[in-house]
Amino acid sequence: MELVRRAVVRGYRAIGLTDHAGPGNLEGVIERLKADCELVRREWGILAVPGVELTHLPPGVIPELARRAKALGALVVVHGETPVEPVIPGTNRAAVSCPDVDILGHPGLLTEEEAALAAANGVFLEVTARKGHCLANGHVVRVARRAGARLLVNSDTHDPADLLTPEFARTVARGAGLDAEELRAVLEENPRVLLARLGYRPD
Ligand SMILES: [Zn+2]
């Protein structure tokens with residue numbers, strides 16, 4: 001609730017809430033978030049979307065967990081192969097091969113083939129503002145551009161102070177190598193495409 005309140009004050013009109021999840025807490029995380037999301041939507045007018053980030057899992061279980069999360073109407077993020085953590089190799093491939101996955105977070109040094117799978121399955125690739133994870137942003141933009149995969153700029157907020165301002169989101173996007181036209185698509189169009197994919201009708 002504090003995070004959403006701070007997002008409202010910062011001018012956000014929509015926010016995805018995606019706590020780390022595995023087989024044990026998946027349903028519980030989503031159900032608990034739903035109540036808060038309904039409340040803030042009604043009271044504060046912000047579209048808060050309940051979700052999960054499937055984090056540090058054996059890649060083989062990702063499709064089944066993504067399916068379970070999707071069946072509950074959740075936004076499904078997979079914690080990708082960031083350069084700064086020992087995420088299990090094969091995680092990126094499992095995520096971009098799965099149409100139930102919405103976003104591959106911090107994909108690190110994903111291959112061109114994986115970016116092509118992301119494009120084919122409608123999986124968004126993340127340009128991240130998070131320290132460490134952001135080291136591969138330039139690479140992610142380069143392979144996504146070539147493959148025609150859609151990108152998003154995300155804060156990967158773990159603390160309210162991490163929430164992006166519009167100015168800092170632009171800085172992150174430009175720093176990752178996006179040009180002016182791509183900036184517009186990534187910061188304005190793609191979040192709306194994602195919300196539409198999730199069944200929401202943003203203004
Ligand atoms: Zn993550």
Does any residue of region 151-159 turn out to be part of a helix (DSSP H, G or I) and not basic (Lys, Arg)?
no
Qualifying residues in region 168-203 (those that are of a type in the set (Asp, Glu) and assigned to a helix (DSSP H, G or I)) - the one nearest to GLY148 (Cα to Cα)
GLU182
Looking only at region 124-146, decide whether some residue is within 24 Å of LEU17 (Cα to Cα), exposed (fewer than 15 other Cβ atoms within 10 Å of the Cβ) and within 16 Å of the ligand (Cβ to nearest atom).
yes
For ALA94, are the conditions met, namely being within 16 Å of the ligand (Cβ to nearest atom), under 20 Å from VAL123 (Cα atoms), modelled with pLDDT of 95 or more and not charged (D, E, K, R)?
yes
Name the pairs: first residue in region 136-148 and assigned to a helix (DSSP H, G or I), second residue β-branched (Val, Ile, Thr), Cβ to Cβ under 6 Å, at least 6 apart or on different chains?
ASN137/VAL127
Can you confirm whether region 6-20 contains a residue that is farther than 23 Å from LEU187 by Cα and outside any helix (DSSP H, G or I)?
yes
Of (1) touching a Gly at 6+ places or on another chain (Cβ under 7 Å); (2) touching a residue at least 60 places away in the same chain (Cβ under 8 Å); (3) of a type in the set (D, E, K, R), GLU81 fails just (2)
Filter region 63-90 down to the residues that are aliphatic (A, V, I, L, M), away from the ligand (no atom under 12 Å from the Cβ) and surrounded by fewer than 23 Cβ atoms within 10 Å (Cβ to Cβ) and list them by number.
LEU65, ALA71, LEU72, ILE88
Looking only at residues in region 45-62 that are more than 16 Å from the ligand (Cβ to nearest atom) and surrounded by 14 or more Cβ atoms within 10 Å (Cβ to Cβ), which one is nearest to LEU198 (Cα to Cα)?
VAL49
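The values are calculated or read from the model by the stated rules, or taken from the named source; none is laboratory data. Predicted model, so just to flag it, every value in this text is computed and none were measured. Neighbour counts are summed over all protein chains in view; Cβ atoms, including those assigned to glycine, are modelled from backbone coordinates with ideal geometry.
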